[in-house]
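What follows is a short report on a single structure.
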Amino acid sequence: MKILGIVCSPRRGGNTARLVESVLEGARSRGAEAEVFHLGSLRVNPCRVCNDCETSGMCSQEDDMQQIYEAINAANYIVLGTPIYHDHVSAQAKAFTDRLYAYEWKDSFPKGMKAVVVVTYEWDNPTGYDKVVEWIEETLKRYYRVETVKALKACNTSKMPVAQRPELLREARAIGESLVLSANEGTQGTSSTT
């Protein structure tokens with residue numbers, strides 16, 4: 001089982017990164033392979049809407065997104081984490097979701113992929129950005145048929161950084177563990193009926 005983490009933050013060691021990494025740590029502790037990309041340290045250009053992917057089924061841009069496409073194609077789960085800036089996803093998250101457009105023309109996004117969505121923000125309202133979470137979930141489902149199995153939110157991160165919230169880090173780790181456990185249960189159920 002392979003789990004892919006996408007950290008859509010310009011801060012490599014920030015709140016979003018810590019939560020995504022904790023989910024991946026939980027998955028690794030149960031035997032999953034996990035890989036993470038920190039988009040703030042990579043060159044992922046915006047979509048140019050050149051539509052080369054319409055005929056080729058692949059994005060023609062040569063940047064670090066090519067590595068991410070390879071990782072997506074091998075993954076069972078994606079853990080997509082973004083901070084909220086100016087009431088929506090980060091610029092890195094928007095560039096990433098826009099570049100998934102390359103999969104749409106040939107309906108080539110991996111079938112059966114599931115997602116965990118992680119958002120962090122400074123506002124102290126726990127439900128303040130539920131609409132943004134819904135937007136992410138709906139985008140993944142509508143265009144790529146990716147079901148979000150869990151959403152994890154961390155609010156008030158200026159006064160209460162994720163690093164100082166062990167209960168939240170434990171919750172993130174437990175989510176990662178549960179991904180592997182539920183996948184193993186599904187595999188065992190399938191093998192017992194054949």
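Structure notes:
- The chain shape via C-alpha gyration tensor axes, a/c threshold 1.5: oblate
- With protein chains left intact and a 1.4 Å probe, residues in the range 51-194 average 53 Å² of accessible area per residue.
- The 1.4 Å probe gives accessible areas that order K114, K131, largest first, as K131, K114.
- Across S41, S9, the residue with the most accessible area heads the list, and the full order at a 1.4 Å probe is S41, S9.
- At R0 = 22 Å, FRET efficiency that the Cβ-Cβ distance of R170 and A74 yields, to 0.05: 0.20
- The slack in the chain from A163 to H86, taken as 0.36 nm per residue of separation less the alpha-carbon distance, amounts to 25.4 nm.
- Computed over the chain, relative contact order equals 28 percent, with contacts defined as Cα pairs under 8 Å that lie 6+ residues apart.
- For the residue pairs K94/K150; K94/K141; K94/K159, alpha carbon separations beyond 18 Å are given by K94/K150; K94/K159.
- Only Cα pairs under 8 Å and 6+ residues apart enter the sum, and on that basis the relative contact order of the range 66-130 stands at 49 percent.
- Taking all protein chains together and rolling a 1.4 Å probe, C47 ends up with roughly 50 Å² accessible.
The values are calculated or read from the model by the stated rules, or taken from the named source; none is laboratory data. What you see is a predicted model, and the numbers here were worked out from it, not measured in a lab. Every residue, glycine among them, receives a Cβ derived from its backbone with ideal geometry; neighbour counts consider all protein chains shown. Calculation scope for accessible area: heavy atoms of the full protein, side chains included, ligands and nucleic acids excluded. Shrake-Rupley method; radii C 1.70, N 1.55, O 1.52, S 1.80 Å.
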